[in-house]
Amino acid sequence: MADDTKTLQQADVQTGEVMERRSAANKVFKPRADIFETADAIVVVADMPGVDESSVDITLEKNILTIEGRVEPGHPEGYRLSHREYEVGNYSRAFALSDEVSREGIEATVKGGVLRLTLPKAGPARARKIPVQGE
Amino acid sequence: MIWQDLGNPWNPWQELNKLQEDLNRAFSGARTANVHDYPPINVWANEESAVCTAEIPGVDPADIEVSVVHDTVTVKGTRRPEELQEGERYHRRERGFGDFTRTLRLPFVVAQKDVAARVSKGVLQIVLPRAEEDRPKRIAVQLA
């Protein structure tokens, strides 16, 4: 088994535990994520409160897997904010995939503000047999 | 209830931060940094009620308990860890889990029976109406 960093590296495109970047009016946060490996898949679990299946985007470009989530600011009407411990914003995070992860059959679900991505492992690299022809 | 000098307009929300700190200190023992208290809670308010929202992704609604006593709201819950099968292993672990309790004191008495709490997309929302008997009353002044 390849070592951790090789299997699924976090792309160092973004830095900081909670990345904050201004984009238009909304802040962008880097969701906290767990990554674990099962017998036949790599599973990424990311906390994205405020996101559901219709507001999450997952893109795979070359070997960079990007997860993005849009959150409606949605403050209760007729109220004003009087105490704030967290900020609401969108989410974005990128991971670099190794060749061990199959590009096909990636599954994603969102439940209770948690995104769960299942990335099937690619089968063992098939040794290509090169027939040697006799004279 | 008298909050500050009566010379100022009634603005109890300024008190909330301080009260929050006091309560956290009282309930959490050695911990002082209340920034790390879980879950983070925002409070929205108007004259008649308050709305508390908390980010609790991945917490089963059945594992959350909201209780209200007078002007104090307590949110208790458990965030369960992922149960890995044998042979499975973590590469990266950033999400926390475990039991949590937050207590928040509002500047008014809450109408207990009208409190509503729901969870949507991993965000808990608690609506806390102010008790009728706690609302300001207009008192007619009569000529002597």
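The values are calculated or read from the model by the stated rules, or taken from the named source; none is laboratory data. A quick note: this is a predicted structure, and the numbers were derived from the prediction, not measured. Cβ: placed from backbone, ideal geometry, glycine included. Neighbour counts: every protein chain shown.
Taking the criterion of being among the hydrophobic types (A, V, I, L, M, F, W, C) and under 26 Å from B:ASP134 (Cα atoms), the residues of the stretch B:75-117 that qualify are B:VAL75, B:LEU104, B:LEU106, B:PHE108, B:VAL109, B:VAL110, B:ALA111, B:VAL115, B:ALA116, B:ALA117.
Filter the stretch B:109-124 down to residues that are basic (Lys, Arg) and exposed (fewer than 14 other Cβ atoms within 10 Å of the Cβ) and give me whichever is farthest from the other protein chains (Cβ to nearest Cβ). Filtering first and then ranking leaves B:LYS113. Restricted to the stretch A:51-128, the set of strands (runs of 3 or more DSSP E) holding at least 1 residues that are within 14 Å of chain B (Cβ to nearest Cβ) and hydroxyl-bearing (Ser, Thr, Tyr) comprises A:80-83, A:90-97, A:107-111, A:114-120.
Only residues that are at the interface with another protein chain (Cβ under 10 Å from one of its Cβ atoms) and either among the basic types (Lys, Arg) or within 30 Å of A:THR118 (Cα to Cα) (or both) were counted across the stretch B:87-108, and they come to 12. Can you find even one residue in the stretch A:58-65 that is within 22 Å of A:ALA122 (Cα to Cα) and of a type in the set (D, E, K, R)? Yes: one or more hits. A single member of A:LEU119, A:LEU115, A:LEU81 is more than 24 Å from B:GLN125 (Cβ to Cβ) and not basic (Lys, Arg), and it is A:LEU119. If only residues of the stretch B:118-144 that are touching a helix residue (DSSP H, G or I) at 6+ places or on another chain (Cβ under 9 Å) and not basic (Lys, Arg) are counted, the one that is farthest from A:LYS30 (Cα to Cα) is B:ALA131. Based on what the data block shows, is B:ASN17 surrounded by 12 or more Cβ atoms within 10 Å (Cβ to Cβ), modelled with pLDDT under 60 and more than 30 Å from A:THR109 (Cβ to Cβ)? So B:ASN17 fails the test.
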